[in-house]
Structure formats: structure tokens, C-alpha cells
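Notes follow the structure.
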Amino acid sequence: MGTTAKEEMARFWEKNTKSSRPLSPHVTIYKWSLPMAMSITHRGTGVALSLGVSVFGLAALLLPEQFPHYLAMVKSLSLGPALIYSAKFALAFPFTYHTWNGIRHLV
């Protein structure tokens, strides 16, 4: 008869304990490189864009007023230029980065 799963697991753990090797590579052993950072940023901006479009679409469907009403409401807050430019950058960066990085990948 063959060995049981419990015996196989005991043998597996005993072998790994004797060899003192890690079970799998950990993030801390990798040296960060530009392609790695660009890939992570590309995925993050893709998630941010999909969430942003989904939230905007749901808001357009569920909120009672039309878009000009909410735009006027934001304008009435009299936000400073630094906050406005920061918000514009936060909206534009994911779109531009994701687009240009996708084009770079295709080329």
C-alpha cells in the first residue's frame, strides 16, 4: 500500500526543515527595478481608472440631480488653486500614465 497524505506531509516538512531553505521567495529578496515599479504602477492606475469610471457611472445613475448641479455645488465651495490643481493632477495622472505605459508596452 502507498503512504498516507499525513505521512507524505510529515516527510515534506522534515525535508524542508533539514534544508533550512525558505518555502518560497519573499518580496524582500527581490531588488526593485524600473520595469517592476512600472508594472505595479500600471496595474494600480488600471484599478483606479476602473473604480473611478464605475463610481462615476453609478453616481450618474443613482443621484437625483444632473451633473451641472453638482458642478455648481463644487464651484460654490471656493476651493483654493492648490487644492484644485492637486485634484486635477489626481484625476489626470492615472489616465495619462496608464495610456502611455500601455502604448509603450504595445510598441
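The values are calculated or read from the model by the stated rules, or taken from the named source; none is laboratory data. Here the structure is a predicted model, which means the values were calculated and not measured. Cβ atoms come from the backbone with ideal geometry, glycine included; neighbour counts cover every protein chain shown. Accessible surface is based on the protein model in full, side chains and every heavy atom, while ligands, DNA and RNA are left aside. Shrake-Rupley method; radii C 1.70, N 1.55, O 1.52, S 1.80 Å.
Every condition in (1) hydrophobic (A, V, I, L, M, F, W, C); (2) without any contact (Cβ under 8 Å) to a residue 60 or more places away in the chain; (3) open to solvent by less than 100 Å² (accessible area, probe 1.4 Å) is met by Phe95 except one, and the failing one is (3). What about Ser39, is it farther than 30 Å from His105 by Cα, of a type outside the set (D, E, K, R) and modelled with pLDDT of 90 or more? Answer is no for this residue. Only a single item in (1) modelled with pLDDT under 90; (2) within 18 Å of the chain's Cα centre (by Cα) is not met by Ser20, and it is number (2).
Against the condition in a helix (DSSP H, G or I) and open to solvent by less than 90 Å² (accessible area, probe 1.4 Å), how does Thr17 come out, does it pass?
So Thr17 fails the test.
Here's the yes/no breakdown for (1) open to solvent by less than 60 Å² (accessible area, probe 1.4 Å); (2) assigned to a helix (DSSP H, G or I):
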{"position": "Arg21", "(1), (2)": "no, no"}
{"position": "Ser39", "(1), (2)": "yes, yes"}
{"position": "Gly57", "(1), (2)": "yes, yes"}
{"position": "His69", "(1), (2)": "no, yes"}
{"position": "Ala72", "(1), (2)": "yes, yes"}
{"position": "Ser78", "(1), (2)": "no, no"}
{"position": "Leu91", "(1), (2)": "no, yes"}
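Just to be sure before I move on: is Pro94 at pLDDT below 95 and touching a Leu at 6+ places or on another chain (Cβ under 8 Å) in the structure I sent? Let's see the steps before the verdict.
On the way: at pLDDT below 95: yes; touching a Leu at 6+ places or on another chain (Cβ under 8 Å): yes.
Answer is yes for this residue.
Among the conditions (1) in a helix (DSSP H, G or I); (2) surrounded by 11 or more Cβ atoms within 10 Å (Cβ to Cβ), Pro35 misses just one, which is (2).
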